Every structure is written in structure tokens, then in C-alpha cells.
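Handing you a structure now.
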Amino acid sequence: GKNAKQIHNFYPVSQLKIDNKDFSVQIGECLKTEDRLVGEVFLSEADAAKPEYMSSSGSMRWDLKVEKQITYDVGYGTSWLFRVLKAFQMYWHVPGAKTNYTGTVYLDGEEFAVYPQASFGYADKNWGVDFTNPWLWLASSNLTSILSGKKLQNSCFDIGGGCPKVFGVNLAKNLLVFFSYEGKKYEFNFSK
């Protein structure tokens, strides 16, 4: 949008705190839990002028409640056995293919209210040793019926894929497609 920006902050890995019991991650002033996102970033104009920061100057602060509405589980590939065997180069799970966010965001001192009716949120998780390359990803929970013209309140889609590696072997290009239409779920998954 108009006046768009990215504000990057960098931290040493030694500042990273992970709590596996409640699945929270914290670094600097930024905290992510299953149901909350809180944090802030700041970069001065002098620091933003340094090309290695790849950043705009400014400040952003946020405090958001996270409510995951529709989940997509890609299947057995993320099960404990395949994780222990380190079968896949990358794992993907989508606990919030449609996620409501509520709270406040401040950008350069200007306050923005975030409410579920207009946030069209998403929350997923990727982990492993490297990203699938190439990687395709497309998702939306802001859908309108072409038949009725009405917003689809309980619908979303998520498409992900590329050339996954299994036990170090490249598979052919594949896609995982998930679509939820007003509560009814459809899936096209090469791994199932």
C-alpha cells in the first residue's frame, strides 16, 4: 500500500527463547504463543541508511489475540515417526488456515485497530532443515461467492508445494490444496 515499509531488527541466536511446553517463541521484545502475538521493532533513519539492514526506518508495536478457526493438517508426513526419522527436508502444518486476529497495531505512532471482521488472518508453521525449493504458497480467507456476491464467512483456501525432498531424494513437483467452503473441507494431497 501507500507508504509501505519493512522494519527489520536483528538479534543474536543466544537471545532466542523457546518453550516447548506452551509452544512459545521469544526474541527481543517479540513474543509468539499459540494465542497471542506481542512485540515491537524500531530502526532509526541513520541505521536504515545502512544497506546491510535492508530496512526502512520507523517503529511498529503490536498486541494481537490469535483465534484459529479452520485447521489444515497435511497428514502423516508430519507425524512423530517421520519427524524422528528426519524423512522430509521441510514440514508444514496449518493450524490456522482461517485465523481471527483482534488487538492493536501502532505504526510510527499511529494506532490501528485490528478486528476479526477485517483481518482475514492466517497462521502456519514450517520446520525442518531447509525450505523446499522451489516453493509455492498461496492462501486466502477473504472470499466472496461469485453466485450470491456475499462474503463467505466460514471459508478459506491454502495451496502449497514445490519439489519436496524425502530422505534426501527430490520428488517431482507436487501441490497440496486445501479448500474449506462454509465448513465443508476439500483436499487434494499427493502425500495421502
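The values are calculated or read from the model by the stated rules, or taken from the named source; none is laboratory data. Predicted, not measured: the structure shown is a model, and the values here were computed from it. Please note: Cβ atoms are built from the backbone with ideal geometry, for glycine as well, and neighbour counts cover all protein chains shown. The accessibility values were calculated without ligands, DNA or RNA, using every heavy atom of the protein model including side chains. Shrake-Rupley method; radii C 1.70, N 1.55, O 1.52, S 1.80 Å.
Based on the Cβ-Cβ distance of residue 138 and residue 2, what FRET efficiency does E = 1/(1 + (r/R0)^6) give at R0 = 41 Å, to the nearest 0.05?
Efficiency, rounded to the nearest 0.05: 0.95.
Moving on to the next point. What does the helix-only formula give at 222 nm for the chain: each DSSP H stretch with n ≥ 4 adding -39500 (n - 2.57), the total divided by the residues, and the result rounded to the nearest 500 deg cm²/dmol?
Calculated at 222 nm, the ellipticity per residue is -1000 deg cm²/dmol.
Another one. Give a residue-ordered list of calculated ³J(HN,Hα) values for region 145-162 (Karplus: 6.51 cos²θ - 1.76 cosθ + 1.60, θ = phi - 60°; whole Hz; x for Gly, Pro).
5, 6, 7, 9, x, 8, 5, 8, 6, 10, 9, 6, 9, 8, 10, x, x, x
In a GNM of the chain with a 10 Å cut-off on Cα contacts, which of 131, 178, 157 has the highest mean-square fluctuation?
The residue that fluctuates most here is 131.
Residues with amide H under 5 Å of residue 24's amide H, sequence separation 5 or more or different chain, H placed in the peptide plane at 1.01 Å from N; which?
Under 5 Å from the amide H of residue 24: 19.
Arrange the residues 5, 151 by how much accessible surface each exposes, largest first, with a 1.4 angstrom probe.
Putting 5, 151 in descending order of accessible area: 151, 5.
Please express the shape of region 23-170 as an equivalent ellipsoid: the semi-axes are the square roots of 5 times the eigenvalues of the C-alpha gyration tensor, given largest first in whole angstrom.
Each semi-axis is the square root of five times an eigenvalue, giving 29, 25, 16 Å.
Could you check which residue among 15, 153, 69 shows the biggest mean-square fluctuation in a GNM of the chain with a 10 Å Cα cutoff?
15
Sorted by accessible area with a 1.4 angstrom probe, largest first, how do 146, 18, 159 fall?
Correct descending sequence by accessible area is 146, 18, 159.
Counting only protein heavy atoms and using a 1.4 Å probe, what share of the accessible area of the chain belongs to carbon plus sulfur, as a whole percent?
C and S fraction of accessible area: 57 percent.
On a C-alpha basis, how far is the centre of region 58-91 from the centre of region 123-180 in Å? Whole number, if you could?
Taking the Cα centre of each part, region 58-91 and region 123-180 sit 12 Å apart.
Report the relative contact order of the chain, percent, no decimals, based on alpha-carbon pairs under 8 angstrom and at least 6 residues apart.
So the answer I get is 14 percent.
Determine how large the accessible area of residue 60 is when every protein chain is in place; take a 1.4 Å probe and give Å² rounded to the nearest 10.
So the heavy atoms of residue 60 present about 70 Å² to solvent.
So who's got an amide H within less than 5 Å of the one on residue 29, skipping anything under 5 residues away but keeping other chains? H placed 1.01 Å off N, in plane.
40
In what sequence, largest accessible area first, do 98, 21 appear using a 1.4 Å probe?
21, 98
Would region 93-185 count as rounded, prolate or oblate if I go by the C-alpha gyration tensor, calling it rounded below 1.5 in a/c and otherwise prolate when a/b exceeds b/c, oblate otherwise?
oblate
Right, something else. Enumerate by residue number the GluC sites (Glu not before Pro) in region 86-192 meeting two conditions: DSSP loop (anything except H, G, I, E, B), and at most 11 other Cβ atoms within 10 Å of the site's Cβ.
182
Between 20, 126, 174, find the one with the highest GNM mean-square fluctuation for the chain; connect C-alpha pairs within less than 10 Å.
20
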